[in-house]
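Input: a single structure, listed below in structure tokens.
Please treat every number below as a calculation from the coordinates, not as lab data. The structure displayed is predicted, hence computed values, not measured ones. Positions of Cβ are backbone-derived with ideal geometry, glycine not excepted, and every protein chain shown enters the neighbour counts.
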Amino acid sequence: MTDETPAEQTPAPSTGGRSMSGRRFTPRNAVRLAPDAAERQGRITRMAIETLGASDAILFLNSQHDGLADRPLALATTSEDGLQSVLRVLTPPVA
């Protein structure tokens, strides 16, 4: 037996989700959104953040709501009709 203490291990520096070569890791089997679905997802996300603020928008987009068949983010991403139904809940008509 030796009296040596093990060398202290230091964690690797954070790379912010990037590999050491600077590229993000993307699984080969990752599903990409169709361009129109990505556009709808971006639109509803921007509208929710502008209307509710970032924290409340995240809650809104990922929670079930009365009158909607699915979570707002999933519904808006799926079709233009879904996007319009979420927009009606997000921005009710002014009386």
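Extending 7 Å from Cα along the Cβ direction at Ser55 and again at Ala30 yields two label points whose distance is 2.9 nm.
So, by mean Cβ neighbours within 10 angstrom, what's the order for 55-61, 33-39, 71-77 with the highest one leading?
Details: 55-61: 16.1, 33-39: 11.4, 71-77: 21.9.
The densest-packed peptide leads the list: 71-77, 55-61, 33-39.
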